[in-house]
Structures are given as structure tokens and as C-alpha cells.
Amino acid sequence: MDGSNPPITAITWIYEIFFVYLFYKINNMAEFSKQWCEIHDPQMPWDFDIEEIATEIPRGYFKYIICEGFGFIAIGVGMDREIQLLFGDEKTGFDKVNYKHFMKKQKESSDGI
């Protein structure tokens with residue numbers, strides 16, 4: 001698909017997660033999403049918007065982008081068009097988390113609920 005990343009697979013992640021993480025760490029590229037800043041530090045300037053990035057990703061694909069605040073390493077869009085946040089996991093390669101559920105928990109925990 002015209003320059004897009006391959007579909008999300010465990011094999012893809014096992015080989016690539018480490019290198020993406022290492023690249024960002026070596027280059028000290030700390031980036032924070034709009035959503036993290038709105039919840040945890042509203043005065044902080046944000047670097048990217050999760051929902052905006054997701055509109056650019058075809059169904060079944062992902063885009064590498066690290067959010068230092070939330071700790072994810074990529075944003076994916078499922079075949080059902082649901083946004084997924086992908087977190088690195090040393091044992092299995094990655095964990096996919098539903099964006100809406102994740103954000104709900106983040107907001108609840110910041111409100112002390």
C-alpha cells in the first residue's frame with residue numbers, strides 16, 4: 001500500500017519494536033500527545049494529536065509514534081476502525097489497547113475516581 005506500514009503482526013513487532021524505541025531514546029525525542037497534556041499538564045505544549053494521526057492510518061495498519069507520557073510506541077487502526085494504542089512488551093512483542101477504554105481509565109485515574 002503506497003508507502004504505508006505493513007499490517008500489524010506479532011512478527012513485525014518482535015523485530016521492530018526494539019529498534020524504534022532505541023532510535024527515539026538515542027535521539028532524545030520525547031514527544032507528548034495532546035491527550036496526555038490535556039489530562040496531566042494542560043500548560044505543556046503538545047507534539048501530536050492521537051485522533052488526528054489515526055485519521056491518516058488505513059484500517060489494519062499502524063504508525064510508529066512514541067508518547068513518552070502514556071508510554072505507547074505506535075497508533076493503530078483496527079479493521080473495525082477503532083483506534084488502538086500499541087505498547088511494547090518484552091515477552092510478547094506488543095499489547096494492543098483500545099483507545100477509548102484507555103482514555104476513559106486515564107481520565108478517571110486523574111480525577112481520583
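Quick note: the coordinates plus some simple rules give every number you see, no bench work behind them. Bear in mind the structure is a predicted one, so any value in this text is a computation, not a measurement. In this analysis, Cβ positions are derived from the backbone assuming ideal geometry, glycine residues included, and neighbour counts consider all displayed protein chains.
Can you spot a residue in region 106-113 that is assigned to a strand (DSSP E or B) and either among the small types (Gly, Ala, Ser) or out of contact with any helix residue (DSSP H, G or I) (no Cβ under 9 Å at 6 or more places or on another chain) (or both)? Reasoning before the result, please.
Residues of region 106-113 assigned to a strand (DSSP E or B): none.
No - not one qualifying residue is present in region 106-113.
Give me the residue from region 48-84 that is assigned to a loop (DSSP other than H, G, I, E, B) and surrounded by 18 or more Cβ atoms within 10 Å (Cβ to Cβ) and, out of that set, farthest from the chain's Cα centre (by Cα).
The first filter runs over region 48-84 and keeps only residues assigned to a loop (DSSP other than H, G, I, E, B), leaving 49, 56-60, 65-73, 78-82.
Now drop any that are not surrounded by 18 or more Cβ atoms within 10 Å (Cβ to Cβ), which leaves 57, 65-67, 69-70, 72-73.
Numbers: ILE57: 12, ILE65: 6, ILE66: 6, CYS67: 6, GLY69: 10, PHE70: 8, PHE72: 4, ILE73: 5 Å.
My answer is ILE57.
Out of (1) among the small types (Gly, Ala, Ser); (2) touching a helix residue (DSSP H, G or I) at 6+ places or on another chain (Cβ under 9 Å); (3) not in a strand (DSSP E or B), what's the single condition that is false for GLY88?
Among (1) among the small types (Gly, Ala, Ser); (2) touching a helix residue (DSSP H, G or I) at 6+ places or on another chain (Cβ under 9 Å); (3) not in a strand (DSSP E or B), GLY88 violates only (3).
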